[in-house]
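Accompanying notes for the structure given below.
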Amino acid sequence: MNLDHLPDPAMLAKAETLTEALPYLQRYAGQTFVVKYGGHAMGDPELARDFAEDVVLLKAVGINPVVVHGGGPQIGAMLKKLGVETQFVNGLRVTDAETARIAEMVLAGSINKEIVSWIAGAGGRATGISGKDAGLVTARKVGRETADPLQGIERHVDLGFVGEPVAVDRRILDTLSAAGIIPVVAPIAMGADGHTYNINADTMAGAIAAELKAARFFLLTDVAGVLDKSGALVSDLDPAGIEALKADGTISGGMIPKVETCVNAVEQGVDAAVILDGRIPHAMLLEIFTRQGAGTLVHR
Ligand SMILES: Nc1ncnc2c1ncn2[C@@H]1O[C@H](COP(=O)(O)OP(=O)(O)O)[C@@H](O)[C@H]1O
Ligand SMILES: CC(=O)N[C@@H](CCC(=O)OP(=O)(O)O)C(=O)O
């Protein structure tokens, strides 16, 4: 037999990659994946393009992606420019009325439309909305107890217009997805009291993932996943393991709402939540369509 006409090994490897993806393509067609795209993960334009391509590819193979984005660093930069001081308590930004207005401007005005443009650039169709649109999310004011390190007591901190979702009306997401459109959601919502609330993007994404009973919930950030005290990746965690890492201070800052969100999501019916490194090109595709999992998987 003359084998001269065989494709070169690199081409064959590409074909193998596609066949490796086949069982995953079959398993996930028709399912909903919620993707939380963190503000730290969106800094690099090339990575942003990769991210948009991944989302468009998911849609093209019959998965319904719903993107929920953050923008903490970008809100911080705008506040600084405008000379407004800001502080965080347990990973949540204390939000007065002015900060809420600026957060809405940056999240729903600027970042949301930028992500829609990236998706359009990758050949997809997206609609950018916030939790306010079509009553997607109703928020209520968050009350936080926090430990006072000086006195060793719990005290109540008023975070201002920081909200948490109390109700999710999924109809707008279903309508958009059914029409072939990828919903892109900014973490701003209205309360029953008529106020605008700033919601941690992880929390917002988790509530939406739970309501949609998403097959997968990805949180793209700027670290490899949950790291232990020595800086090594913890690839697998259940709620008890997370409590232990929170209690001994291994998990802190912005990672707190992230892991709490994962626990809530899996306890409310999401199959699996994965904290992924958004600095890796096509991190999501590798996680979904290849045998090599990455990041930290949170399960029941
Ligand atoms: N145990 C931990 N493992 C990984 N990251 C941690 C841990 N504890 C705290 N962090 C911090 O959490 C950050 C991720 O949260 P955050 O900054 O809110 O990201 P994003 O903007 O993507 O939501 C990491 O960059 C890191 O500084
Ligand atoms: C209440 C609260 O903290 N809201 C966040 C919303 C944006 C966000 O969560 O962005 P990342 O996902 O990039 O961190 C904030 O104001 O920064």
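Values in this text are rule-based calculations from the coordinates and carry no lab data. Only a predicted model underlies this, so the values are computations on that prediction, with no experimental measurement involved. Virtual Cβ from ideal backbone geometry, glycine too; neighbours counted across all protein chains shown.
Structural remarks
- Extension reserve of the Q268-L18 stretch, reckoned as 0.36 nm per residue once the Cα distance is removed: 86.7 nm
- Segment 173-296, Rg to Rh (Cα coordinates; Rh as Kirkwood inverse mean 1/r): 0.99
- With only the Cα atoms considered, the chain has a convex hull volume of 153 Å³ per residue.
- Over segment 35-122, all Cα pairs binned in 5 Å intervals from 0 give whole-percent P(r) values of 3, 13, 22, 22, 15, 11, 8, 4, 1, 0, listed from short to long.
- Net charge, G295 excluded, C-beta distance under 11 Å - Lys, Arg +1, Asp, Glu -1: -3
- Between the Cα long axis of helix 255-267 and the first principal axis of the chain there is an angle of about 70°, rounded to the nearest 10.
- At an R0 of 45 angstrom, the distance between the Cβ atoms of K229 and L6 translates into a FRET efficiency of 0.30.
- For the chain, the relative contact order is 22 percent, taking Cα pairs closer than 8 Å that sit 6 or more residues apart in sequence and dividing their mean separation by the residue count.
- Taking 7 Å steps out from each Cα toward its Cβ at R300 and R140 produces label points 2.5 nm apart.
- Summary of the geometry: segment 187-222 and segment 105-134, compared by the centres of their Cα atoms, lie 15 Å apart.
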